[in-house]
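This report concerns only the one structure given below.
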Amino acid sequence: GSKQGSIMSFFKKV
Amino acid sequence: MLEPRLVQTTFFKNVLEALSDLFIEAHFEFSRTGLELQAIDTSRVALVALVLRAEAFNHYLCDRGLSMGLNLADMAKAFRCANNDDIITIKAEEDWTDTVTFTFESPEDGEILEFDFDFVGSNGVPLEIPEYQESEYQAIVRMPSAKFMRICKKLSSFGDSGDRDPVVIISVYKERVRSFARGKTGTSTTVCLQTQTVDKPKEPTLIEMKEEVSLIFDLKYMNSFSKASTLSDQVTINLSSELPAVFECKIAELGYIRYYISPRKE
């Protein structure tokens, strides 16, 4: 499936 | 027709019970190679990733990929109605309507249960998750999951401070790991030392420390992970002040469940 970004960018946003 | 079939009802019951406390929706992806599940909690502090390769199932058939967001509480309720030895079939029509059907078939009772679930949003997942490098973490703790569960239970019984979410402070120093929670009227501390593998070769507690590290986590994330950790004998905790912590239990070389948790800043 298509991914919605990377886990590192997710945690950086938090 | 997409139709994965599997016989791991007990496993999924346990997974869903552990996850539905914390995560509302999850993204499920069934493919020829197996199942990948990801979910993020509503406060966007923790991400859970479950990977289970096809070989982990007694029976797994999936001709074409199937991915969808599903409500975990609804799924947990459905799985509670199923018998442990049921055969689960998952069906979605090829025209991609917005529902999926889970059928539980009990060969013994000659009974068939059917649940339709509407697709839901999956709250920003799936994400690309590269394999993590242990060398990037300041400390890595491995211990039996039963021990981890005991620690979480002790901390929970004391860690309710009333007005805010209870937290736990995990510190690694001098080859020991200390877990600390503050309650209304006192504190609870557990210290685990690295155990001699000769005494208990099957249940070692191993602490690899590059430098001392001390991090604060919401206790609810520990508790959810400790429930999920029943799927494996051992848990691994990777700690760093720079990266989200990784709480992992490997499932018999056939997959894993991982919680990526942001430590609290304060």
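Does region B:98-132 hold any residues that are within 14 Å of chain A (Cβ to nearest Cβ) and either aliphatic (A, V, I, L, M) or assigned to a loop (DSSP other than H, G, I, E, B) (or both), and which are they? Answer for region B:98-132, where residues must be within 14 Å of chain A (Cβ to nearest Cβ) and either aliphatic (A, V, I, L, M) or assigned to a loop (DSSP other than H, G, I, E, B) (or both): B:F119, B:G121, B:S122, B:N123, B:G124, B:V125, B:P126, B:L127, B:I129, B:P130, B:E131, B:Y132. Of the residues making up region B:12-36, those that are in contact with a helix residue (DSSP H, G or I) (Cβ under 7 Å, 6 or more places away or on another chain) and over 15 Å from B:L61 (Cα atoms) number 15. When you look at B:L66, is it within 26 Å of B:L254 (Cα to Cα), in contact with a Leu (Cβ under 6 Å, 6 or more places away or on another chain) and not polar (S, T, N, Q), yes or no? Answer is yes for this residue. Inspect region B:186-203 for any residue being part of a loop (DSSP other than H, G, I, E, B), free of Cβ contacts under 8 Å to residues at least 24 places away in the same chain and within 21 Å of the chain's Cα centre (by Cα) and give the result as yes or no. Checking region B:186-203: not a single residue is part of a loop (DSSP other than H, G, I, E, B), free of Cβ contacts under 8 Å to residues at least 24 places away in the same chain and within 21 Å of the chain's Cα centre (by Cα).
B:S43 - would you say it is within 14 Å of another protein chain (Cβ to nearest Cβ) and free of Cβ contacts under 8 Å to residues at least 12 places away in the same chain? Answer is yes for this residue. Taking the criterion of being over 20 Å from B:D21 (Cα atoms) and in a strand (DSSP E or B), the only residue of region B:217-234 that qualifies is B:Q234. Residues of region B:232-244 that are hydrophobic (A, V, I, L, M, F, W, C) and surrounded by fewer than 22 Cβ atoms within 10 Å (Cβ to Cβ): B:L243 alone. Looking across region B:30-43, just one residue is within 19 Å of B:A228 (Cα to Cα) and surrounded by fewer than 19 Cβ atoms within 10 Å (Cβ to Cβ), and that is B:T42. If you filter region B:54-97 down to residues that are acidic (D, E) and modelled with pLDDT of 90 or more, you find that the one that is farthest from B:G121 (Cα to Cα) is B:D86. Listed conditions (1) within 14 Å of another protein chain (Cβ to nearest Cβ); (2) closer than 24 Å to B:N83 by Cα are all met by B:Q8, apart from (1).
Of all residues in region B:249-266 being assigned to a strand (DSSP E or B) and within 14 Å of chain A (Cβ to nearest Cβ), which is surrounded by the fewest Cβ atoms within 10 Å (Cβ to Cβ)? Applying the filter and picking the extreme gives B:R264. Does B:E211 qualify as being in contact (Cβ under 8 Å) with a residue 12 or more places away in the chain and more than 16 Å from the chain's Cα centre (by Cα)? The answer is yes for B:E211. Tell me which residues, restricted to region B:169-187, are at pLDDT 90 or above, touching a helix residue (DSSP H, G or I) at 6+ places or on another chain (Cβ under 8 Å) and of a type in the set (S, T, N, Q). B:S179, the sole residue that qualifies. Among the criteria (1) away from every other protein chain (no Cβ under 14 Å); (2) among the polar types (S, T, N, Q); (3) surrounded by 14 or more Cβ atoms within 10 Å (Cβ to Cβ), the one B:S135 does not fulfil is (3). Scanning region B:22-34 for residues that are more than 9 Å from every other protein chain (Cβ to nearest Cβ) and in contact (Cβ under 8 Å) with a residue 24 or more places away in the chain turns up B:L22, B:F23, B:I24, B:E25, B:A26, B:F28, B:F30, B:R32, B:G34.
Select from region B:153-168 the residues that are modelled with pLDDT of 70 or more, farther than 11 Å from B:T187 by Cβ and not in a strand (DSSP E or B) and list them in ascending order. B:K153, B:K154, B:S156, B:S157, B:R164, B:D165, B:P166, listed by residue number. Mind checking whether some residue in region B:55-65 is of a type in the set (G, A, S), surrounded by 16 or more Cβ atoms within 10 Å (Cβ to Cβ) and at positive phi? No.
The values are calculated or read from the model by the stated rules, or taken from the named source; none is laboratory data. Keep in mind that what you see is a predicted model, and the values were worked out from it rather than measured. Cβ atoms come from the backbone with ideal geometry, glycine included; neighbour counts cover every protein chain shown.
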